[in-house]
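Structure record follows, encoded as structure tokens.
Every number here is computed from the coordinates shown, using simple stated rules; none is lab data. Every value quoted in this text rests on a predicted model; they were computed, and no experiment measured them. Backbone-built Cβ (ideal geometry, glycine too); neighbour counts: all protein chains shown.
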């Protein structure tokens, strides 16, 4: 019930903002982005909360309204991430996008233009010290069809899912010989993404830098 009340209050707050923008004649001059930092389990896979690399936790809502740029009923199927939001906002206002930003501007997608876009993305999670039952440290790579989850526990098993034929991620294919080539290709792509995004397995590296200063 608390979760539902929070969602209701967010909906009401957004409605109030849009109403005021409409009243002052700025609604269609304003870029409105509705998103989240993570998805949420509601009992799927016996989980509550978030943190695990299943679709319910990994996927987030992302709705963007800007009639001057985005046609009504536009639906983008490409894999967009929350790290794309900052570059997109900067691009929309004509500001330069810093090289250190890992995301990409979604503006070409919003315009419906042909553009080279990511074919996979990296998911990482460090288990919380204060939340030891969420799951192990893990990495995952997701493409438009497959997902490989690399669980970093000695006795845990890795996971491989065919999201096209098994969107609920109920059949782990990691030990299926017929999917060995898919697994190896995903592991190679995962290694490349770790390099591209400067993956650091040391969860406290930044904390130690701050303390040392």
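Would you work out the relative contact order for the chain, in percent, from Cα pairs under 8 angstrom that are 6 or more residues apart?
On the way: 241 pairs, mean separation 23.7, N = 213.
It comes to 11 percent, rounded to a whole number.
Compute the whole-percent fraction of alpha carbon pairs in the chain spaced more than 32 Å apart. Kindly include the intermediate steps, with their values, before the conclusion.
On the way: 6682 of 22578 pairs.
Result: 30 percent of Cα pairs exceed 32 Å.
Students often check this: by mean Cβ neighbours within 10 Å, which of 67-73, 120-126, 26-32 ranks highest, and how do the rest follow? The partial results should precede the final answer.
Working: 67-73: 10.0, 120-126: 17.6, 26-32: 13.0.
Answer by packing, highest mean first, reads 120-126, 26-32, 67-73.
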- Query: Per residue, what volume in Å³ does the convex hull of the Cα atoms of region 1-124 enclose?
  - Reply: 139 Å³
- Of 193, 92, 21, the most mobile residue in a GNM of the chain (C-alpha springs, cutoff 10 Å) is 21
- Using only helices, what value at 222 nm comes out for the chain when you add -39,500 (n - 2.57) per DSSP H run of length 4 or more and divide by the total residues, to the nearest 500 deg cm²/dmol? -9000 deg cm²/dmol
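Grab the beta carbon distance between residue 187 and residue 144, set R0 = 25 Å, and tell me the FRET efficiency rounded to 0.05.
Numbers: r = 18 Å, r/R0 = 0.71.
Given R0 = 25 Å and the Cβ-Cβ separation, E is 0.90.
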- Taking max minus min of the Cα coordinates of region 148-212 on each principal axis, largest first, gives extents in Å of 50, 24, 22
